[in-house]
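Report on one structure; see the data block that follows.
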Amino acid sequence: MTIKVGDRIPAVTLNVMTRDGPGAVSTDDIFKGKTVALFGLPGAFTRTCSAKHLPGFVLNAAALKKKGVDSVVCLSVNDAFVMGAWAKVQNVGDKVMMVADGSARFTKAAGLDVDMSDKGYGLRCRRFSMIVDDGVVKSLHIDEPGTFEKTAAEVLLGEL
């Protein structure tokens with residue numbers, strides 16, 4: 001079942017790239033007591049994710065924060081090394097927290113998984129964006145596979 005507005009974020013451990021290599025981060029660490037703009041995407045270095053989705057959130061991070069968002073978080077079913085490398089290539093800096101869901105724990109628990117094996121990609125995260133307040137989903141957008149319409153940073157910005 002897919003997560004919906006009013007649901008709590010699944011309690012799982014994810015990973016981020018640190019100076020010392022991959023490090024664990026819990027969903028409590030990310031969401032407890034904060035307003036978070038969370039977006040997920042099928043994969044780092046993929047066409048739409050690299051050209052539109054992540055760059056839109058990097059570009060709009062300051063505007064989101066001016067409207068009350070404490071942090072902007074990108075989640076993908078990639079490992080922390082890939083997410084760290086992608087952050088460097090995309091010049092993310094500290095504007096967006098790049099979170100690795102390499103085992104798809106969050107993605108599956110939230111019901112946001114999609115099987116893209118027919119394209120050779122395997123299990124991926126659906127393209128989504130949401131506002132989460134203290135661990136509770138306040139707004140949620142999910143794009144159909146192969147589309148990028150509802151989940152842009154500008155959509156969340158317009159809701160705040």
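Observations on the model:
- Residues that are assigned to a loop (DSSP other than H, G, I, E, B) and either at pLDDT 95 or above or buried (at least 20 other Cβ atoms within 10 Å of the Cβ) (or both), drawn from the stretch 105-125: A110, G111, L112
- The selection criterion, being assigned to a loop (DSSP other than H, G, I, E, B) and on the phi < 0 side of the Ramachandran plot, holds for V92.
- Residue in the stretch 26-41 that is modelled with pLDDT under 95, buried (at least 21 other Cβ atoms within 10 Å of the Cβ), in contact with a helix residue (DSSP H, G or I) (Cβ under 9 Å, 6 or more places away or on another chain) and not aromatic (F, W, Y) present: yes
- Residues within the stretch 22-40 that are touching a residue at least 24 places away in the same chain (Cβ under 8 Å) and part of a strand (DSSP E or B), tallied: 9
- Sole exception among (1) surrounded by 17 or more Cβ atoms within 10 Å (Cβ to Cβ); (2) within 23 Å of E159 (Cβ to Cβ) for T48, by number: (1)
- Of the criteria (1) within 22 Å of R8 (Cα to Cα); (2) surrounded by 14 or more Cβ atoms within 10 Å (Cβ to Cβ), which one E159 fails: (2)
The values are calculated or read from the model by the stated rules, or taken from the named source; none is laboratory data. The shown structure was predicted, so the numbers you read here are calculated from the model rather than taken from an experiment. Positions of Cβ are backbone-derived with ideal geometry, glycine not excepted, and every protein chain shown enters the neighbour counts.
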